[in-house]
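The block underneath contains the structure these notes are about, expressed in structure tokens.
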Amino acid sequence: MSEKWLEGRVLENRHWTDALWSLRVEAPPLGFEAGQFVRIALDARPGDAGSRIARPFSFVNPPGDPVLEFYGITVPDGPLSPRLATLKAGERLFVAPNPAGFLVLSEVPEAESLWLIATGTGIAPFLSMLRTEVPWKRFRHVVLVHAVRHAEELVYQELLKKIKAQKGQQFRYVSFVSRETAPGSLTGRIPQAIRDGRLEQAAGVALTPKDLPAMGSHAMLCGNPDMLRDAAAALAERGMRKHRRRAPGHVSVESFW
């Protein structure tokens, strides 16, 4: 029995750089929680569903938005991303009907500050969260950290400025650019900045666990495997352990590399 897919139509394919793009897609309503991902697909051979090639992408749009949005990077010689990057308005793609993933705020215990730490396209699920009311009702401070190689990869700046204008000091944004000097951005890597205190200093928010209820920080990590491993280790040195349902902690991690 063949898998059922939802058919979508591209409304816009925005190119941020030669390799980075965002697809806005008109598709049937799809229920999900901010932070989740879904598979999107194209047929390797037109009209042949058996040849369909799919990859997971996090939602950038918030739940309930009639337009789906996905942020991706072109992988040279990849079977899908180069084709997605060239889609034009009106062209068809397919969306799986079953979003998934546990990098969601309903899985996060109470804390005073929420840290959303991402590299590259790992920012996507956090943009979806920030566009809901949930983090602003639950946390005193919400800190978004985004690390990239080049300044031009600091995407969605218009959206982030809008959020800052709406939420004021409740929202903090810290960017890292590793391969060039960029005004307003930190240099180096996130794990080292956790260790040497530069990340906390830039955000103006403490990054530490507390024993008291509803205090301390919770960090959500999404990005490349090296950052996930090294940042989790740096946080563990501060006493922040991985969060599990049976053993609540301070760090949630997502990777589908």
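The values are calculated or read from the model by the stated rules, or taken from the named source; none is laboratory data. Being a predicted model, the structure only gives us computed values, none of them experimental. With ideal geometry, Cβ positions are generated from the backbone for all residues, glycine too; neighbour counts draw on all protein chains shown. Areas reflect the complete protein model, heavy atoms only, side chains present, ligands, DNA and RNA absent. Shrake-Rupley method; radii C 1.70, N 1.55, O 1.52, S 1.80 Å.
Here are the numbers for the structure shown:
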read-out: Matching residues in segment 68-84 - criterion: being open to solvent by 10 Å² or more (accessible area, probe 1.4 Å) and under 16 Å from Asp43 (Cα atoms); value: Gly78, Pro79, Ser81, Pro82, Arg83
read-out: Which listed residue, of Leu235, Leu221, Leu228, is over 20 Å from Ala124 (Cα atoms) and either of a type outside the set (D, E, K, R) or modelled with pLDDT of 95 or more (or both); value: Leu235
read-out: Any hit, segment 158-178, residues being of a type in the set (Asp, Glu) and modelled with pLDDT under 95; value: no
read-out: Only one of Leu42, Leu127, Leu84 that is closer than 23 Å to Arg149 by Cβ and more than 17 Å from the chain's Cα centre (by Cα); value: Leu84
read-out: Number of the condition not met by Ala124 [criteria: (1) within 22 Å of His15 (Cβ to Cβ); (2) touching a strand residue (DSSP E or B) at 6+ places or on another chain (Cβ under 6 Å); (3) part of a loop (DSSP other than H, G, I, E, B)]; value: (3)
read-out: Filter result (at pLDDT below 95, touching a strand residue (DSSP E or B) at 6+ places or on another chain (Cβ under 7 Å) and not charged (D, E, K, R)) within segment 31-52; value: Ala44, Ala49, Ser51
read-out: Residue ID - most open to solvent (accessible area, probe 1.4 Å), chosen from residues in segment 45-64 that are free of Cβ contacts under 8 Å to residues at least 60 places away in the same chain and among the aliphatic types (A, V, I, L, M); value: Ala49
read-out: Some residue of segment 88-104 being in contact with a helix residue (DSSP H, G or I) (Cβ under 8 Å, 6 or more places away or on another chain), under 30 Å from Arg140 (Cα atoms) and open to solvent by 10 Å² or more (accessible area, probe 1.4 Å); value: yes
read-out: Selected residue (only one of Pro209, Pro191 is touching a His at 6+ places or on another chain (Cβ under 7 Å) and not aliphatic (A, V, I, L, M)); value: Pro209
